[in-house]
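Beneath this line is the structure, given in structure tokens, with notes to follow.
The values are calculated or read from the model by the stated rules, or taken from the named source; none is laboratory data. Note that the structure is predicted; figures quoted are calculated from it, not measured. Don't worry about glycine lacking a Cβ; one is built from the backbone with ideal geometry, like all the others, and counts go over all protein chains shown.
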Amino acid sequence: MNSMSKDETSRYHTLLRDPARRKIVEILGAQGKIGFKELRSSLGLGVGTVYYHLDMLSDFLVQDKSRKYMLNDRGRLLYKSLREVSVPAALDAGEAFGHRLGRWLFLSPVFFRMARLELFLPVSIAILFLGAVGSALARIEPVFFFYFNSIRSSESIVVMFFFYWVGLFFLAEILCYLLFRRTGGDLQLFAGLGFSALPLAIFPYINMIFAYVQIPAIVSRYVLLFFQGWTLLLISSAFSFGKGLRLDRSILVSLVILYFNIVLLIPLGRLA
């Protein structure tokens, strides 16, 4: 078996900077093979989070006929490298600015805690409630990622806010299954999507402040555009950690939902 080059080792150690992925490799290297439930129990993580890490390590893993995970040749070489050479201190002590920026745009540190639903789920519901009340106070009506001036009652606006985000959950479930046959992690996904609403839940309050101090409406539209983009990134993180999808696949699902949202605006007469 050939040894890894220094560049390959550095690249793989960068992938394994996450302690959960290192632990997966170490468990498989020591035990030979392990089932999903046993692995999840050892890691103490949610279903979607474990699938996410396994997906990230897919180049190093195989499954036997009983669907137990084990290292392939590259994985065994990686395990040997990890045992012989510790992860470079530079990778543990600091990260490139771009990587740090990406972590906070996608709020990965927060989504990694999705397994603790007793904390994460109430926060997510509170965020949805915050957005619903703000929309009613600002008299703006939500349609997924978009807001429009509304003449509906406050109660109707509150109901519609929750209606669209619950609808987003069911749409995401369908797309994740149709595109990637991914099931499970439903509560983690729901909690993640609720948390993903944070930028759009804050926007109605910003909109009211802008109106009060008479800031031009064009500024509010640009702020909404930024928050829409940020929400898409957060939804992608929710798919990654709720359904265990790689980020590129998660972004694809998010873009499909955005396209669906834009198409939905046509029969609603919002694109006039």
In the stretch 55-73, what residues are modelled with pLDDT of 85 or more and part of a helix (DSSP H, G or I)? 60, 73
Scan the stretch 168-192 for residues that are surrounded by fewer than 22 Cβ atoms within 10 Å (Cβ to Cβ) and among the aliphatic types (A, V, I, L, M) and report the count. 6
Within the stretch 103-121, restricting to residues that are in contact with a helix residue (DSSP H, G or I) (Cβ under 9 Å, 6 or more places away or on another chain) and without any contact (Cβ under 8 Å) to a residue 24 or more places away in the chain, the one that is farthest from residue 230 (Cα to Cα) is 113
How do the pairs read when you match residues in the stretch 26-39 that are farther than 12 Å from residue 75 by Cβ with residues anywhere that are in a helix (DSSP H, G or I), using Cβ under 8 Å and keeping only pairs 6 or more apart or on different chains? 34/27; 34/28; 34/42; 36/50; 39/24; 39/27; 39/50
Looking only at the stretch 225-249, how many residues end up being in contact with a Phe, Trp or Tyr (Cβ under 6 Å, 6 or more places away or on another chain) and under 14 Å from residue 171 (Cβ atoms)? 0
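With the requirement that a residue be in a loop (DSSP other than H, G, I, E, B) and not basic (Lys, Arg), what does the stretch 125-183 give you?
The answer is 144, 145, 150, 151, 153, 183.
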State yes or no: is residue 101 assigned to a helix (DSSP H, G or I) and modelled with pLDDT of 70 or more? no
Would you please list the contacts, defined by Cβ atoms under 7 Å and residues six or more apart or on different chains, that run from a residue in the stretch 193-220 that is touching a residue at least 60 places away in the same chain (Cβ under 8 Å) to a residue that is among the acidic types (Asp, Glu) and not in a helix (DSSP H, G or I)? none
